[in-house]
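Visitor: Take this structure, written in structure tokens, and hold onto it; I'll ask about it next.
The values are calculated or read from the model by the stated rules, or taken from the named source; none is laboratory data. All of these numbers come straight from a predicted model, not from anything done at the bench. With ideal geometry, Cβ positions are generated from the backbone for all residues, glycine too; neighbour counts draw on all protein chains shown. We work out accessible area using only protein heavy atoms, side chains counted, and drop any ligands, DNA or RNA first. Shrake-Rupley method; radii C 1.70, N 1.55, O 1.52, S 1.80 Å.
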Amino acid sequence: MRLPPQPGERIDRSRGLTFSFHGRPVPAFAGDTIGSALFASGRRVFSRSFKYHRPRGLLCCSGGCANCMMTVDGTPNVRVCVEPARDGAVVEAQNVIGSLEHDLMSVVDHLGRPFTPVGFYYRTMIRPRRLWPYYERFLRNVAGLGRIDKHGRRTVRTDTEHRRVECLVIGGGISGMRAAADAAARGERVLLVDEGPPRAAPEGFELLAPARAIGIYEGGLVPVDAGSVLYRVRAGRIVVATGALEQPLVFPGNDLVGVMLPDGARRLIRDFAVKPGERAVVVVADDRALETVGYLRSAGVEVAALVDLRERPLEEIRAVGRQGRVRSVQLDDSSFDCDLLVAAGAPQPAYSLLAQAGGAIAYDPAKGSFVPTALPLGTEATGRAGGELGSVAVPRASYDRGGGEKAFVCLCEDVAEKDLKRAHAEGFDSLELAKRYTTVTMGPCQGRLCHLASVRLCAREEGTDEKAIGTTTARPPWAPVKLGLLAGRDQETAKLTAIHHRHEEAGAQMMWTGAWRRPYSYGDAPAEAANVHEAVGVIDVSTLGKLLVLGADATVFLERLYPNRFGDLKVGRVRYGVLSNDAGRIIDDGTIARLGEDRFYVTTTSTGSEGVFEWFEWWNAVWKLDVEIVNLTGALAAVNVAGPQARELLGRLTAIDVSREAFAYLDAQQADVAAVPCLILRIGFVGELGYELHFPSLHGEYLWDTLLERGADLGVKPFGLEAQRILRLEKQHIIVGQDTDSESDLLAANMPWLVKFEKDDFVGKWALEHRRDQGNREQLVGFEMANGAVPPEGAQVVRGGRPAGRVTSSRWSARLNKAVGLAWLPPELAQEDAEFEIRVGGQLERARVRLRPFFDPEGERLRA
């Protein structure tokens, strides 16, 4: 329940908000955490434990434990006790089957506990060895925390910022603020980082909050997690003022809902005005924890019993629960009814950053905790982080006088006192070995709340002291950090055309084409292909490589690069060309338009533009010809207008004559289209009458909009790559990289007409002559399916029960009313009407070879 306004509360009662928890609205105030709002609304069970699925409630309210981990907006393992509440957030429980109150997996706790002792999987699931993968899968499914969305994508942009300061203070408590103020007074440039909520910094130094130092590295490097920014701070001097960590006591029932640390109860009352319970039992070991009693009483919580371990040592503490919640507490021989148990032992200085940096840590018997004794060069410790704990009581290793099973040492991993006893009895008497065998300290809290208790228990079982046991190795990060933050800004290159946002506005499904983002379809690819056949369609082809080759030797240059001729290409005409490497292998294809006697406009595939440009530059450097190559790919946009109504649409936007006689197939003209200067190529790579417009990228959206607007009555619609694939396949047009690989050449790819062996020389000529003399090992041909089955690309061609080839492209063509494709076959099969079989879904389906285009084989429509 909410309390009346508290002094210094973090919530703003004038600003309400609502988030959902399993579909139910939860009210909150600005400044609330998700955890405090859920608690105020009556929720007490926040999670189920890792192994036994026991109910767990709020414990520390500082983000240090795993008790409140939930999935928030799809992100798992969010500690909701420190996660700010935000309007519209979607919060869900995790690691449960059913609900938090009724988790079906809790049967493991009730029935399976005797059969699942610590390390049971090491002993019982190693034979037979072949079954281990099944055991492992089962264990991972029944244990664990949140689940990651395998198909999830980045939702937050992260950045890295480099900072240099003379003094970095880590921790914004009393000691940290004093250290920062003193350094600023000496004239030092000071940065203070604190994991608490945002607040105004005192004059004289900079305060960064909420933020957490991840570790301390050589050269005074301290990475700081500030949410979406990773600060790489270089500091001349580092002051660690991280305070101390309250330590849970080990006793039966110490994991019940309603058992809280003093700071957890204090934060609920002071920061969020939430009453943690009605009747409390309090067990404390230092003055700071003792202050919580005043907060409880001011909130109207009845304190049924108060034990200060410095004045009254206890031998037994036992929390008794019903349905996982505290109902009474036994202190030695006295029992008290309550719904809240506030208990903690001597606090542990938060020394991990110092230990990671190479500082020495030793056990102090008077303080009952490990404290830093020697600090790394350039670092200082102040306040409770340096061991200034005041008067404390050293607690017992365990308050379980009766030897019960449910006194937990590690709440994160469900490791109980008996588990550490068993590990010691089985010979795991080293702290590091016991850690790995039992997984104590290996959970989400990384030992914050269980390391000291595990050391005490190991010392008791060994019959020695804590100093002899020592500590485990402290490794960064000090606090959980998202991998995305460490990775920094998403550096995946994404090239966008000048018309990209129009595609998104039209609802296009985008896909990767090399480094480009292109429309896969606008919702119905077959309908888009049909519209090109029946009316007119437009497709953004700005991703094509666009190179200008000019100079006195431009013709000679292209003649040497391409296997077909360009010396006889007339000005104003276009020709298809395929590039081969020295070994005669296909590396790219495109069109070449002659704009003048010494000027050619070359297009390449979308993924090949950079490689072709480098290929041209390399050969130009070798041959030393009078040629200049200019890469215009980014400077020019391009749109292909195709379909029976393409001429009518273009005629409305340009003053030139676009009739068949004046603008023939494979012509190239320069003219204004909708007042935009364009190079117009009449090509038909999708099998219909088509014009390709190349123009300055600046006008991309304008010309795209104009084409759609002026052609609305003609039925103009955009089409994407999938429709283009269907249309190209109907014409048996190959796609380099899809239908070819690193071994494909023009002769095998069924394009021998492109190779002009009578030329003096061209790149790859010798290799192609050698292949011609040897004959092809396989041939690329078209095929159609006998029964309409569409084989997957990559499907196996079968002859006589043995593999004989592969499918490279296949689609269902509504225009042809059949499934068609391209495949590599043995030469003896590459004959018109030859039959073969393709494996489809485990069955063999019949197919027939087709050597001519499936659609418009005579080219009447594209030449119309």
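Visitor: Of the conditions (1) surrounded by fewer than 24 Cβ atoms within 10 Å (Cβ to Cβ); (2) in a helix (DSSP H, G or I), PHE39 fails just one. Which one is it?
Guide: (1)
Visitor: Right, here's the next one. Among ALA767, ALA823, which is the only one that is out of contact with any His (no Cβ under 8 Å at 6 or more places or on another chain), part of a strand (DSSP E or B) and at negative phi?
Guide: ALA823
Visitor: Would you mention how many residues in the stretch 282-308 are hydrophobic (A, V, I, L, M, F, W, C) and part of a loop (DSSP other than H, G, I, E, B)?
Guide: 3
Visitor: Just wondering, is there one or more residues in the stretch 452-467 that are crowded, with 16+ Cβ neighbours inside 10 Å, within 36 Å of the chain's Cα centre (by Cα) and in contact (Cβ under 8 Å) with a residue 12 or more places away in the chain?
Guide: Yes, the stretch 452-467 has at least one match.
Visitor: Follow-up. Please verify whether SER20 is open to solvent by 10 Å² or more (accessible area, probe 1.4 Å), of a type in the set (Ser, Thr, Tyr), in the same structural domain as VAL108 (by TED's automatic domain parsing) and in a loop (DSSP other than H, G, I, E, B), treating the condition exactly as stated.
Guide: For SER20, the condition - open to solvent by 10 Å² or more (accessible area, probe 1.4 Å), of a type in the set (Ser, Thr, Tyr), in the same structural domain as VAL108 (by TED's automatic domain parsing) and in a loop (DSSP other than H, G, I, E, B) - is not met.
Visitor: Continuing with the same structure: Among the residues of the stretch 392-399, is there at least one that is open to solvent by less than 10 Å² (accessible area, probe 1.4 Å), hydroxyl-bearing (Ser, Thr, Tyr), touching a Phe, Trp or Tyr at 6+ places or on another chain (Cβ under 6 Å) and under 30 Å from LEU256 (Cβ atoms)?
Guide: Yes, there is a match, as at least one residue in the stretch 392-399 is open to solvent by less than 10 Å² (accessible area, probe 1.4 Å), hydroxyl-bearing (Ser, Thr, Tyr), touching a Phe, Trp or Tyr at 6+ places or on another chain (Cβ under 6 Å) and under 30 Å from LEU256 (Cβ atoms).
Visitor: Report, ordered by the first and then the second residue, all pairs with beta carbons closer than 7 Å, sequence separation of six or more or different chains, a first member in the stretch 275-296 that is open to solvent by 60 Å² or more (accessible area, probe 1.4 Å), and a second member that is hydroxyl-bearing (Ser, Thr, Tyr).
Guide: ASP287/SER391
Visitor: Say we look at the stretch 160-178 and pick out the residues that are more than 17 Å from PRO197 (Cβ to Cβ) and not in a strand (DSSP E or B); which of these is most open to solvent (accessible area, probe 1.4 Å)?
Guide: By that ranking, first place goes to ARG178.
Visitor: Now for a separate question. From ALA749, ALA723, grab the single residue that is outside any strand (DSSP E or B) and either farther than 30 Å from THR543 by Cα or out of contact with any helix residue (DSSP H, G or I) (no Cβ under 9 Å at 6 or more places or on another chain) (or both).
Guide: ALA749
Visitor: Report those helices (runs of 4 or more DSSP H) wholly inside the stretch 392-479 carrying at least 3 residues which are closer than 26 Å to GLY358 by Cβ and hydrophobic (A, V, I, L, M, F, W, C).
Guide: Counting at least 3 such residues, we get 431-438, 451-462.
Visitor: Starting from the stretch 491-515, keep only residues that are β-branched (Val, Ile, Thr), then list their pairs with residues that are assigned to a strand (DSSP E or B) and at pLDDT 95 or above whose Cβ atoms are within a distance under 6 Å, requiring at least 6 positions of separation or different chains.
Guide: THR497/ASP540; ILE499/ASP540
Visitor: State which residue is surrounded by the most Cβ atoms within 10 Å (Cβ to Cβ) when the search covers only the stretch 704-762 and only residues that are free of Cβ contacts under 8 Å to residues at least 24 places away in the same chain and of a type outside the set (Gly, Ala, Ser).
Guide: PRO752
Visitor: Right, here's the next one. For the stretch 488-508, check the following and say yes or no: at least one residue is modelled with pLDDT of 90 or more, part of a helix (DSSP H, G or I), among the basic types (Lys, Arg) and more than 29 Å from the chain's Cα centre (by Cα).
Guide: No, that holds for no residue.
Visitor: Could you say whether any residue in the stretch 243-260 is part of a helix (DSSP H, G or I), open to solvent by 30 Å² or more (accessible area, probe 1.4 Å) and in contact (Cβ under 8 Å) with a residue 60 or more places away in the chain?
Guide: No, there is no match, as no residue in the stretch 243-260 is part of a helix (DSSP H, G or I), open to solvent by 30 Å² or more (accessible area, probe 1.4 Å) and in contact (Cβ under 8 Å) with a residue 60 or more places away in the chain.
Visitor: Examine the stretch 685-697 for a residue that is assigned to a helix (DSSP H, G or I) and in contact with a strand residue (DSSP E or B) (Cβ under 6 Å, 6 or more places away or on another chain), and state whether such a residue exists.
Guide: Yes, because at least one residue in the stretch 685-697 is assigned to a helix (DSSP H, G or I) and in contact with a strand residue (DSSP E or B) (Cβ under 6 Å, 6 or more places away or on another chain).
Visitor: When you go through GLY383, GLY358 one by one, which is the residue that is without any contact (Cβ under 8 Å) to a residue 40 or more places away in the chain and among the small types (Gly, Ala, Ser)?
Guide: Answer to the check: GLY358.
Visitor: Suppose the filter is in the same structural domain as ALA235 (by TED's automatic domain parsing) and more than 20 Å from TRP478 (Cα to Cα); does PRO197 pass it?
Guide: It is false that PRO197 is in the same structural domain as ALA235 (by TED's automatic domain parsing) and more than 20 Å from TRP478 (Cα to Cα).
Visitor: Name the residue, out of PRO133, PRO128, PRO114, PRO84, that is at pLDDT 75 or above and over 33 Å from the mean Cα position of the chain (by Cα).
Guide: Exactly one of PRO133, PRO128, PRO114, PRO84 is at pLDDT 75 or above and over 33 Å from the mean Cα position of the chain (by Cα), namely PRO128.
Visitor: Considering each residue of the stretch 87-112, count those that are in contact with a helix residue (DSSP H, G or I) (Cβ under 6 Å, 6 or more places away or on another chain) and either assigned to a loop (DSSP other than H, G, I, E, B) or farther than 27 Å from ALA37 by Cβ (or both), and give that number.
Guide: The total comes to 1.
Visitor: Which one is most open to solvent (accessible area, probe 1.4 Å) among residues in the stretch 564-621 that are assigned to a helix (DSSP H, G or I) and among the charged types (D, E, K, R)?
Guide: So, considering only residues that are assigned to a helix (DSSP H, G or I) and among the charged types (D, E, K, R), the one most open to solvent (accessible area, probe 1.4 Å) is GLU614.
Visitor: Can you name the condition, by its number, that THR654 falls short on among (1) part of a loop (DSSP other than H, G, I, E, B); (2) touching a residue at least 60 places away in the same chain (Cβ under 8 Å); (3) farther than 24 Å from GLU730 by Cα?
Guide: Evaluating THR654 over (1) part of a loop (DSSP other than H, G, I, E, B); (2) touching a residue at least 60 places away in the same chain (Cβ under 8 Å); (3) farther than 24 Å from GLU730 by Cα leaves (2) as the failure.
Visitor: Is the stretch 267-274 home to any residue that is in a strand (DSSP E or B) and surrounded by 20 or more Cβ atoms within 10 Å (Cβ to Cβ)?
Guide: Checking the stretch 267-274: at least one residue is in a strand (DSSP E or B) and surrounded by 20 or more Cβ atoms within 10 Å (Cβ to Cβ).
Visitor: Quick one: in the stretch 309-319, of everything that is part of a strand (DSSP E or B) and not small (Gly, Ala, Ser), which residue is least open to solvent (accessible area, probe 1.4 Å)?
Guide: ILE317
Visitor: Would you call TYR134 farther than 30 Å from VAL342 by Cα and open to solvent by 40 Å² or more (accessible area, probe 1.4 Å)?
Guide: yes
Visitor: For the stretch 346-375, give me each residue that is assigned to a loop (DSSP other than H, G, I, E, B), open to solvent by less than 20 Å² (accessible area, probe 1.4 Å) and on the phi < 0 side of the Ramachandran plot.
Guide: Scanning the stretch 346-375 gives ALA346, PRO347, ALA350, GLY359.
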